Amino acid sequence: MEELHSALVAPQHVWWKPAGKQEKLWVTVSFVWCMILFAMMPLWHIKGGQNPSGIRARVEPADFVKRTDQFVKDYKVGEENGFPVVAPPAGSDVYLLARMWQWYPVLRLEEGKTYTLHLSAADLNHGFNLQPFNLNFQVIPGYDYGLRVTPTASGDFRVICNEYCGIGHHLMVGKILVTPVGGAAAIEPPAGGFKVLPDAEAAVAAEGGRS
Ligand code: CUA
């Protein structure tokens, strides 16, 4: 009987013979490549400098709202369109709350000073996008991201939401004012940017600085 392509009939060809030279070479090359890609994942995370070092802490959304309210109470310096304008001291913990459909509150930071920016959401997933720069973070309820940031330019920055969050998504625009070194609040479009430090030191600062 000829080959039947059936599980009941033994295969007729030569698959049981030892692998040939080319096949061994091919398997070796793909295995080595596999290992390189495998090693690249952690290496890129650590060396690539493009990822913040992940979640710093879990937080109940209600608690994050409370922290933000306390932060506003402590450092409020004015109001703009019904939003509190908050000017925290350099080096402090700064809270920015995302909720349908606003970024709360308005922040006033100083150029060249470093802050720990805590981002979280009260209701659902929002996206932090700093304009006019391409700086993006997912803002997720239940997680507190502590990012160490240093504004490297003064100006009037906008935070837009880039994660669809409902009917008011397109209206969800926040504001970060950066005052120049030793001067009054500037209103010109910024020329520089923000520097985010994704290092281990920042993680420690974020952990230790929370009340
Ligand atoms: Cu918040 Cu879209």
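Computed from the coordinates by the stated procedures, all read-outs in this text should not be read as laboratory data. What you see is a predicted model; the values in this text were computed from it and never measured. Neighbour counts are summed over all protein chains in view; Cβ atoms, including those assigned to glycine, are modelled from backbone coordinates with ideal geometry.
Determine the alpha carbon to alpha carbon distance for each of Lys47/Lys73; Lys24/Lys47; Lys73/Lys113; Lys21/Lys47 and list only those over 29 Å.
Pairs exceeding 29 Å: Lys47/Lys73; Lys24/Lys47; Lys21/Lys47.
With a ≥ b ≥ c the root eigenvalues of the C-alpha gyration tensor of segment 58-140, is it rounded (a/c under 1.5), prolate (a/b larger than b/c) or oblate?
Details: a/c = 1.40, a/b = 1.15, b/c = 1.22.
Note, shape of segment 58-140 comes out rounded.
Once you sort the root eigenvalues of the Cα gyration tensor of segment 142-185 as a ≥ b ≥ c, which label holds: rounded (a/c under 1.5), prolate (a/b larger than b/c) or oblate (the other case)? Walk me through the numbers on the way to the answer.
Numbers: a/c = 3.90, a/b = 1.69, b/c = 2.31.
Taking the square roots of the gyration eigenvalues as a ≥ b ≥ c, segment 142-185 is oblate.
Return Ile160, Ile140, Ile167, Ile176 ranked ascending by Cβ neighbour count within 10 Å, so the fewest neighbours appear first. Walk me through the numbers on the way to the answer.
Details: Ile160 16, Ile140 19, Ile167 8, Ile176 23.
Ascending Cβ contact count within 10 Å gives the list Ile167, Ile160, Ile140, Ile176.
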Which ³J(HN,Hα) values in Hz, rounded to whole numbers, follow from the phi angles of segment 71-87 under the Karplus curve 6.51 cos²θ - 1.76 cosθ + 1.60, where θ = phi - 60° and Gly and Pro get x? 4, 5, 4, 5, 10, 5, 10, x, 9, 9, 6, x, 9, x, 9, 10, 10
Based on other C-beta atoms within 10 Å, arrange Glu80, Glu110 from fewest to most. Glu80, Glu110
Taking amide H positions as placed in the peptide plane 1.01 Å from N, state which residues far from Leu97 in sequence (5 or more) or on other chains have amide H under 5 Å from it. Tyr104
